[in-house]
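A.B. asks: Sharing a structure here in structure tokens format.
Values quoted throughout were computed directly from the atomic coordinates according to the rules given, and no laboratory measurement underlies them. Remember, predicted model here, so these are calculated numbers, not experimental data. Don't worry about glycine lacking a Cβ; one is built from the backbone with ideal geometry, like all the others, and counts go over all protein chains shown.
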Amino acid sequence: MKRNRVLVTGGAGFLGSHLCDRLIKDGNDVICLDNLFTGSKDNIRHLLGNPYFEFIRHDITQPVYIECDQIYNLACPASPKWYQKDPIYTFQTSVYGAMNCLGLAKRTGARVLQASTSEIYGDPDIHPQPESYWGNVNTIGIRSCYDEGKRAAETLFFDYHRKHDIEIKVMRIFNTYGPRMDTGDGRVVSNFIVQALKGDDITIYGNGEQTRSFCYVDDLIEGMVRLMNSRAGFTGPVNIGNPGEFSIRELADLIIELTGSKSGIINNPLPSDDPKQRKPLIDLARKELNWEPSVQLREGLVRTIAYFSELMV
Ligand code: NAD
Ligand code: UDP
């Protein structure tokens, strides 16, 4: 059997480590590249003895010279807390990282998938968001390093595709959650679960009426693998997310109910440019990838709470 050699940048992160698991399970030869900026060896420790798994500690802002058939480019801090910590580096990671993956794809002929984001829609004034929407993004705010970096990366992907005939796949990922989220990275699902399990106050930013759509990690990875292996010529961009829409207040109430926590709720200031609403239209993913999510929020939260409960004993 010929094994595909697959490079996963950001492979020691939350999504990347689940992707590595899936690619190994499918019989691929996996190269996980990560500088461990937000990721951890703990996420891939169980794979380290496998002869078809390699870990390379490398910064994707620098070129990489390896041979591969497919590239998944996930390297980039994803939580506002981390991507705002060093915004210039975040921007460099998105832009130089995309160029280095595309350069590698040009030399090797590999297919390359970009982990883009719903953040490219900014604070959307069209709801729900179709792929044809160009977005409403502040160029100079505290989220811009991430949003504009990811937008520039999409531009590079399509220019390399047009100029050099690179086979590209662009995936716009909506909020995803599940086991291996980092307890301290500040994203809403991990924050609320950890607070509920510790009995600390749940910190809602603003009045909690802002909405998000939460996709369970297994559904997301299925969509990602289907997109990579989709028909030649299908580039996306394609939304992958769960169209169920919840206010942050509803999420807090659900997590309190599922953990049986006695935590109270406090309202902290809303960070600037925090999008008011977000929900994907997934008709394109249904049509092209025959994909739709199967794990609903309640069920996904039960699994995620079980993971954090075990981690925290
Ligand atoms: P994460 O922070 O857990 O993983 C990112 C990984 O990239 C980490 O392991 C980190 O160490 C690595 N990394 C960061 N900068 C790097 C660099 N310069 N060189 C090499 N490695 C580097 O985040 P995640 O949630 O797993 O997100 C993975 C990708 O998916 C990101 O590109 C993110 O923008 C995208 N995404 C995620 C979500 C989500 O809800 N999880 C939503 C939209 C888009
Ligand atoms: N949020 C919150 N309390 C927290 C963390 C986040 O109310 O402890 C809110 C945040 O302001 C945003 C939503 O939850 O409106 C989702 O935040 P997250 O950082 O997870 O993702 P993003 O804003 O990038 O969608």
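A.B. asks: Extent of the chain along each principal axis, from alpha carbon coordinates, in Å, largest to smallest?
C.D. replies: 55, 44, 38 Å, listed from the longest principal axis down.
A.B. asks: Treat the count of other C-beta atoms within 10 Å as a stand-in for reagent exposure and order 312, 99, 1, 181 from fewest to most.
C.D. replies: By the 10 Å Cβ count, ascending: 1, 312, 99, 181.
A.B. asks: With Cβ to Cβ distances under 11 Å as the rule, what net charge do the other residues near residue 227 carry (K, R +1; D, E -1)?
C.D. replies: That works out to +3.
A.B. asks: Moving on to the next point. Nearest 10 degrees is fine. How inclined is helix 217-228 to the longest principal axis of the chain, computing both from alpha carbons?
C.D. replies: So the helix axis and the longest Cα principal axis differ by about 20 degrees.
A.B. asks: Output ³J(HN,Hα) for the stretch 208-214: one whole-Hz value per residue in order, computed from phi by the Karplus curve 6.51 cos²θ - 1.76 cosθ + 1.60 with θ = phi - 60°, and x for Gly and Pro.
C.D. replies: x, 7, 5, 10, 9, 10, 10
A.B. asks: By counting other Cβ atoms within 10 Å of each Cβ, how are 82, 291, 134 ranked from fewest to most?
C.D. replies: On the way: 82 19, 291 22, 134 10.
In increasing order of surrounding Cβ atoms, one gets 134, 82, 291.
A.B. asks: What FRET efficiency do you get for residue 272 and residue 46 if R0 is 35 Å and r is their Cβ-Cβ distance, rounded to the nearest 0.05?
C.D. replies: It comes to 0.30.
A.B. asks: Could you work out how far the C-alpha centroid of the stretch 279-310 sits from that of the stretch 194-236, in angstrom?
C.D. replies: What the calculation gives is 7 Å, centre to centre.
A.B. asks: Round to the nearest 10 and give me the degree value, 0 to 90, for the angle of helix 14-25's Cα axis relative to the longest principal axis of the chain.
C.D. replies: Orientation of helix 14-25: about 50 degrees from the principal axis.
A.B. asks: Still on this structure, please answer the following. Angle between the Cα long axis of helix 248-259 and the longest principal axis of the chain, 0 to 90 degrees, nearest 10?
C.D. replies: With both axes taken from Cα atoms, the answer is about 80 degrees.
A.B. asks: In addition: Mean shadow of the stretch 132-182, computed from the convex hull of its alpha carbons, in nm²?
C.D. replies: 5.4 nm²
A.B. asks: Based on other C-beta atoms within 10 Å, arrange 302, 95, 188, 238 from fewest to most.
C.D. replies: Values: 302 12, 95 18, 188 22, 238 25.
With the fewest neighbours first, 302, 95, 188, 238 line up as 302, 95, 188, 238.
A.B. asks: So how far apart, in nm, are the two label points at residue 138 and residue 86 if each is 7 Å from Cα heading toward Cβ?
C.D. replies: 2.4 nm
A.B. asks: Also, quick follow-up: Using a/c under 1.5 as the rounded threshold, could you call the stretch 148-213 rounded, prolate or oblate? The axes a ≥ b ≥ c are square roots of the C-alpha gyration tensor eigenvalues, and prolate needs a/b larger than b/c, oblate otherwise.
C.D. replies: Judged from the Cα gyration tensor, the stretch 148-213 comes out prolate (a/c at least 1.5, a/b above b/c).
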